[in-house]
Amino acid sequence: MVPKKGAWLKALILFSLMICVGCSPAYFQPTEPGTDYRWLIENWQHRIEKEGWNEALVDDVTRSCIQLSKYEPDPVDDDHWETYQEFTRDFKGDCEDITSFMYGTLKRLNYPNNLRFRILRMPLGDHAVLMVELPDQRWKMFNSVPLPGASIDIALSRTVVEWDDKYIYYP
Ligand SMILES: [Ca+2]
Ligand SMILES: [Ca+2]
């Protein structure tokens with residue numbers, strides 16, 4: 001079924017508004033994200049030792065990172081990009097910071113395949129997402145702020161640039 005043009009626009013505006021007002025996918029950030037995070041890291045390390053990497057584990061790591069995070073927009077005119085270390089002090093930030101947290105967590109777990117930071121140009125602004133080369137070599141996108149309607153916004157977006165810790169890639 002193809003939704004009416006109005007429905008697409010409504011979803012798009014809703015999503016963009018939620019981003020702008022800092023409405024978080026993490027309404028219920030755990031009270032002690034640092035403690036939970038340390039427990040998760042240990043748990044994942046055991047799983048990696050036992051079963052190795054697979055798509056389900058990558059999904060679990062990225063989803064858990066988002067659940068530990070609280071979306072907080074940058075102040076106007078101060079677009080601060082947090083490092084992994086900065087983010088893990090309070091687990092709060094916006095799309096680029098959460099992307100950096102997911103990226104840093106996979107690196108910390110010695111994820112063996114490629115990871116890239118991707119910037120998308122969306123109709124109403126830019127957005128950061130994580131690209132992961134899965135164990136079977138397919139690339140999968142992980143949205144740092146998975147809100148309702150996000151897939152529509154992403155479908156209307158284009159990639160501006162990507163990078164990893166070695167290179168910058170232009171489409
Ligand atoms: Ca920002
Ligand atoms: Ca930020």
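Of note:
- Neighbour counts of other Cβ atoms within 10 Å put Met141, Met131 in the fewest-to-most order Met141, Met131.
- Segment 111-126 residues near the modelled Leu156 label - backbone nitrogen below 16 Å, point 7 Å along Cα→Cβ: 120-126
- Packing-based exposure ordering (other Cβ within 10 Å, fewest first) of Lys70, Lys140: Lys140, Lys70
- For segment 18-171: relative contact order, % (alpha-carbon pairs under 8 angstrom, 6 or more apart): 20 percent
- Note on segment 50-136: percent of Cα-Cα distances in each 5 Å bin, starting at 0 and stopping at the bin with the largest distance, equals 3, 14, 24, 24, 17, 11, 5, 2, 1, 0.
- The ratio of the alpha-carbon radius of gyration of segment 120-171 to the globular-protein estimate 2.2 N^0.38 Å is 1.20.
- Relative intensity of segment 35-82 on a log10 scale, I(q)/I(0) at q = 0.15, 0.18, 0.19, 0.21 Å⁻¹, equals -0.54, -0.67, -0.70, -0.78, per a Debye sum over C-alpha point scatterers of equal strength in the absence of solvent.
Only the coordinates and a few stated rules stand behind these numbers; no lab work does. Here the structure is a predicted model, which means the values were calculated and not measured. Every residue, glycine as well, gets a Cβ built from its backbone with ideal geometry; the counts of neighbours run over all protein chains shown.
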